[in-house]
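Data block below; observations after.
The values are calculated or read from the model by the stated rules, or taken from the named source; none is laboratory data. What you see is a predicted model; the values in this text were computed from it and never measured. Glycine also receives a Cβ, built like all others from the backbone with ideal geometry; neighbour counts cover every protein chain displayed.
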Amino acid sequence: MMDMMRLIGPLIPALRRYARALLRNPTDADDLVQDCLERAVGHWHQRQADGDARTWLFAILHNLAVTQMRQRVRRGAHMPIEDTAEANLAVAPTQESGLRHRDLMTALDALPEEQRSVLLLVTVEGLSYAETADVLAIPTGTVMSRLSRARDRMIQLMEGTETLAPTKRPLLRRIK
Amino acid sequence: MTMHPIGEDDLQGLVDERLDAARRREVEAYLDAHPEARMRTARMVALRAEMRAAFAPIATEPVPARLNLARMVEARRRPVRPTWQAMAAGLLLLIGGAGGWGLREVVSPIPTGIEALAQSASMNYAVYAPDHTRPVELAAANRDELAGWFSSRLKRPVGVPDLSGSGYHLMGGRLVATPQGPAGLLMYDDGHGARFVMLMRPMNVPGDAPMRPHTTETSNGYAWIQDGLGYSLVGTAVDTVLHPLADAIRRATAKNI
């Protein structure tokens, strides 16, 4: 029990960050982390003793997030990007950095889900390529190719910001 | 000296700072000779830094109370059970020290309290939810009659929550047997064939117990106790669907009763 607290506890901030990066809405993200932690507590004994707690938790969280995102798509629910971009601004931005931030989030939203998760796990969460492959249950080679495509796509989207920003946004909303 | 050709994986590895020093020098040399690749790599490095900076603040926010792990563990550990049994378990814990926890199963081989409630709900879900002939005894049209029936047999006022706001409609219900006496079973469906049930019965002890998840091999559920009445919601839906629904029911019943 102490072992569990010691291993899971320090990971909660990173789990919140990954959940928020995927779902955007802070409340939804924390709901998801709560479900993830409840599952982790309930199934701790089923975890492979030599397995890595971090990849195990990220895998639980990722699977819950994917299920939820697919339900959102089915139900046609979407989040207004205007709200979500603001919600992600942890620091009061200057106007310019605020726009830059918004472009980053918009570009991220435009990525296919499987590229977005690879990019976030490697870049933001700092997972190794092998750990990312474990979390997503895909081969490392697939991690590498998705990572490369995700980065090229992000750069492409962000450099075309002038044309992308106002006109394409309603279209991008529906992707989520 | 021969060198492995530089590939796309090397460029990604450079961006993510995952290359060993020797390989990094080789990749750098390659980039010196290939300005386009150099430019692309520089953009990827900048993107990585930008993404890390954008999301970093989230991890430094204080963790909300509801994600307090100690509290979650505590909530799972504290099943509502008759006092003498709790005392016996406590005594065994005291005698046995940490090992005493393992004796929990010996003290209560039959589930009690919220565990028993959850088990009854899961069993009834397994029996009635797949039934196509007569999944419910009284159909939803007889809502008032259903509420009256449950209230009289459970010997306390029981409401029939309306979940149409969450997209689920009431199919109806029936009275079912549990080791602790009669219980009311309501069945809902989502209009696409997914059903779930909610079991309600009075508990032996008054008071509330926080919501907790329970799972079997074939179903998921959430159980809680509100003012001495135990509730368990069971279905095959994932937690992210069940949990908000259980919250909605708890809010609805808190208002009605």
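Structure values in brief
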{"item": "A:Leu7 being out of contact with any Gly (no Cβ under 9 Å at 6 or more places or on another chain), touching a residue at least 24 places away in the same chain (Cβ under 8 Å) and within 9 Å of chain B (Cβ to nearest Cβ)", "result": "no"}
{"item": "Residue satisfying all of: in segment A:122-150; assigned to a helix (DSSP H, G or I) and away from chain B (no Cβ under 11 Å); surrounded by the most Cβ atoms within 10 Å (Cβ to Cβ) among these", "result": "A:Val135"}
{"item": "Any chance A:Val73 is within 25 Å of A:Val143 (Cα to Cα) and at pLDDT below 75", "result": "yes"}
{"item": "Hits in segment A:29-50 - residues which are among the charged types (D, E, K, R) and within 9 Å of another protein chain (Cβ to nearest Cβ)", "result": "A:Asp30, A:Asp31, A:Asp35, A:Glu38, A:Arg39"}
{"item": "Subset of segment A:76-110 [crowded, with 18+ Cβ neighbours inside 10 Å, modelled with pLDDT of 50 or more and over 15 Å from the mean Cα position of the chain (by Cα)]", "result": "A:His101, A:Arg102, A:Asp103"}
{"item": "Pairs where the first residue, in segment A:10-37, is closer than 15 Å to B:Pro57 by Cβ and the second is of a type in the set (Phe, Trp, Tyr), C-beta under 6 Å, 6+ apart", "result": "A:Arg17/B:Phe55; A:Ala21/B:Phe55"}
{"item": "Residues (of a type in the set (Lys, Arg) and more than 7 Å from every other protein chain (Cβ to nearest Cβ)) located in segment A:16-28", "result": "A:Arg24"}
{"item": "Unique residue being in a strand (DSSP E or B) and touching a residue at least 40 places away in the same chain (Cβ under 8 Å) when the list is B:Val205, B:Val176", "result": "B:Val176"}
{"item": "Selection within segment B:235-249 - aliphatic (A, V, I, L, M) and buried (at least 18 other Cβ atoms within 10 Å of the Cβ)", "result": "B:Ala237, B:Val241, B:Leu242, B:Leu245, B:Ala246, B:Ile249"}
{"item": "Condition met for B:Thr218 (in contact with a helix residue (DSSP H, G or I) (Cβ under 7 Å, 6 or more places away or on another chain) and in a loop (DSSP other than H, G, I, E, B))", "result": "yes"}
{"item": "Residue match in segment A:4-11 (condition: out of contact with any Leu (no Cβ under 9 Å at 6 or more places or on another chain), crowded, with 19+ Cβ neighbours inside 10 Å and in a helix (DSSP H, G or I))", "result": "no"}
